[in-house]
Amino acid sequence: AAPLSTAAASWLAEGTSSPPRVRLLIGGDFVESKATEHVDVTNPATQEVVSRIPLTTADEFRAAVDAARTAFPGWRNTPVTARQRIMFKYQELIRANMDKLAENITTEQGKTLKDAWGDVFRGLEVVEHACGMGSLQMGEYVSNVSHGIDTFSIREPLGVCAGICPFNFPAMIPLWMFPIAVTCGNTFVLKPSEKDPGAAMMLAELAMEAGLPKGVLNIVHGTHDVVNNICDDEAIKAVSFVGSNTAGMHIYSRASASGKRVQCNMGAKNHAIILPDADRDATLNALIAAGFGAAGQRCMALSTAVFVGGSEPWEDELVKRASNLVVNSGTANDADLGPVISTQAKDRICKLVQSGADSGARLVLDGREIVVPQFEDGNFIGPTVLADVKSDMECYQLKQEEIFGPVLLLMKAESLDDAIQIVNRNKYGNGASIFTTSGVSARKFQTDIEAGQVGINVPIPVPLPFFSFTGSKASFAGDLNFYGKAGVQFFTQIKTITQQWKESSPQRVSLSMPTSQ
Ligand code: NAD
């Protein structure tokens with residue numbers, strides 16, 4: 001495939017409008033919105049406005065849903081092998097355009113190019129998984145449930161489904177959603193994050209090139225209004241959401257009130273428990289990578305390290321390694337971490353760090369004043385470490401959402417039991433990891449910890465697509481998780497068929513409940 005060129009992209013409006021406007025995708029065409037209101041997409045390293053998204057009008061939203069509804073009958077009756085073949089082609093096109101996609105992510109979201117590449121790659125793996133839909137969507141069959149009677153179940157697509165995305169994984173999260181949904185035979189309306197829609201648009205362009213028929217994938221832009229339209233629309237049967245708890249719980253209740261299936265992956269506060277017997281070097285590197293990678297803006301970032309016996313023996317080396325990280329524009333070859341998404345996010349993170357220090361935590365590394373040469377306007381925060389953090393401090397935010405910045409909190413526990421209790425008291429349950437060389441401790445942790453994704457000497461235990469992303473407690477609402485078997489179940493409904501084929505013989509009519517003997 002010819003690499004995508006952002007300048008000539010059909011997803012950006014042509015002409016002289018500066019900044020360029022991002023188009024909608026309706027019925028297979030990238031169209032300019034008639035909306036008069038826009039949201040700027042800003043490069044977080046420079047504050048340059050790189051594009052603008054329209055607040056999709058009600059008529060345009062209607063047209064997108066109608067296009068998906070119209071495309072559904074033909075698409076659901078397309079053989080699964082043909083749908084799979086489009087995914088085979090799609091994965092090839094994504095591979096050929098990895099660098100362009102990563103560049104766009106770095107420009108709009110800020111993460112380093114290498115990290116952005118990983119963002120695309122983790123999404124690509126879901127597309128690869130969707131290539132096996134024929135097996136994934138298989139039903140079940142029991143022969144001879146009664147005389148001459150067989151029962152079988154088939155997994156059928158739901159109809160029009162929708163996805164609402166967050167800013168932190170602009171490629172991976174759209175790819176968690178629509179490839180599985182459409183390969184199951186559904187049609188889709190996607191709303192990318194208003195902060196970084198470019199990767200989703202490029203991915204949509206590639207999906208069209210791979211042969212996805214017109215109307216199977218549609219894209220609308222906006223914020224609250226378009227989200228509420230998605231929740232309320234009767235033609236939409238299922239909603240996939242990833243983002244904060246505020247938005248997620250609103251969407252969960254509003255969309256389920258109109259009878260939809262909803263899956264919401266939400267906020268997190270991921271803890272690591274470090275036992276004194278842990279491998280020192282590997283553990284320190286894991287804490288640094290998972291605490292500060294992507295500037296702490298991963299839903300599976302490790303934001304709190306609970307040291308059994310206290311953090312003092314670890315602090316000097318932790319601070320040394322964290323201080324050696326290079327904070328720079330994500331485009332710089334040497335960058336370990338880039339900026340956070342917005343000036344508001346930076347202000348909020350800095351305030352939380354200050355409140356930690358004011359309430360008695362020790363600020364052992366303070367990255368708030370960092371200035372990056374040539375990128376003085378960027379939303380940079382250097383790695384920051386607060387020690388002696390207690391769970392009632394605002395910076396730990398037991399009841400609120402995560403800090404979502406390059407800030408690692410260190411806590412002390414007296415024992416493994418005490419550490420597990422600290423983690424379990426937190427309302428979130430996305431991920432938790434233990435670092436130890438004791439199998440007995442690891443097994444106890446695995447059994448007693450209340451988190452959906454558990455790492456044993458693994459800092460970011462995000463499952464590959466043959467498993468599911470299994471956040472729990474306040475990190476998830478719904479009952480069928482993203483991708484894996486549950487993902488296919490979410491985007492399909494079961495029809496159970498009971499059939500009788502036998503030679504007819506004269507029988508007395510019976511009005512009693514049929515039973516199988
Ligand atoms: P966000 O909730 O602000 O936005 C997510 C989406 O919801 C966006 O498309 C936005 O337009 C929409 N939205 C926001 N507020 C809304 C409202 N009040 N009503 C209707 N729609 C609304 O989230 P974000 O800041 O883009 O993403 C960061 C959050 O996402 C973090 O909390 C992070 O933990 C979470 N996240 C979770 C996972 C996971 O798998 N658990 C993965 C990635 C991100």
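Numbers at a glance
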quantity	calculated
Net charge of Cβ neighbours under 15 Å - reference Glu209; Lys, Arg +1; Asp, Glu -1	+2
For Val39, residues with placed amide H under 5 Å, excluding near neighbours	Ile53, Leu55
Largest-first principal axis extents of the Cα set of region 338-477 (Å)	49, 38, 31
Residue-wise HN-Hα coupling along region 364-373, computed from phi with Karplus coefficients 6.51, -1.76, 1.60 (Hz; x: Gly, Pro)	8, 8, 10, x, 6, 8, 4, 10, 9, x
Check: region 430-507 dipole with +1 on Lys, Arg Cβ and -1 on Asp, Glu Cβ, in debye	80 debye
All-pairs alpha carbon distance profile, region 82-219, 10 Å steps from 0, percent	12, 40, 27, 11, 6, 3, 0
Crossing angle, helix 113-130 versus the chain [Cα axis fit, 0-90 degrees, rounded to tens]	20 degrees
Efficiency of FRET from Cβ geometry, Asp316 and Asp232, R₀ 60 Å, rounded to 0.05	0.60
Estimated inter-spin distance, Thr498 and Gln517, nm [label 7 Å along Cα→Cβ]	1.6 nm
For region 259-316, alpha-carbon Rg relative to the globular expectation (2.2 N^0.38 Å, N residues)	1.45
Amide hydrogen neighbours beyond the local backbone of Ser433, cut-off 5 Å, H modeled	His271, Ala272, Ile273, Gly455
Calculated on alpha-carbon atoms, Rg and Dmax of region 139-206 in Å	18.3, 61
Region 1-134: radius of gyration and largest Cα-Cα distance (Dmax), Å	17.1, 48
Leading residue at positive end of dipole, region 287-397 (Cβ point charges), from Gly310, Gln344, Gly367	Gln344
Charge dipole magnitude, Cβ of K and R +1, D and E -1 - region 120-267, Cα centre, debye nearest 20	220 debye
Dipole-positive endmost among Ile173, Ile236, Val220 within region 170-236 (Cβ charges, Cα centre)	Ile173
Assigned charges on the beta-carbon of Lys, Arg, Asp, Glu; the chain dipole about Cα centre (debye)	1620 debye
Greater than 31 Å apart at Cα, pairs in Lys237/Lys473; Lys237/Lys502; Lys412/Lys473; Lys100/Lys260	Lys237/Lys502; Lys100/Lys260
Kirkwood Rh, Cα atoms: Rg over Rh of region 168-282	1.09
Cα extents of the chain along the three principal axes, largest first (Å)	88, 65, 39
Pairs of alpha carbons in region 434-517 whose separation is greater than 16 Å (percent)	71 percent
Per-peptide average of other Cβ atoms within 10 Å, ordering 71-81, 43-53 highest first	43-53, 71-81
Proportion of all alpha-carbon pairs of region 70-127 beyond 19 Å (%)	44 percent
The chain, relative contact order in percent, only Cα pairs under 8 angstrom and at least six apart counted	17 percent
Counting DSSP beta bridges with both ends in region 234-350, the antiparallel % (nearest 5)	0 percent
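Read-outs throughout are calculated quantities, based only on the coordinates presented, and are distinct from any laboratory measurement. Not measured: the values here are computed from a predicted model. Backbone-built Cβ (ideal geometry, glycine too); neighbour counts: all protein chains shown.
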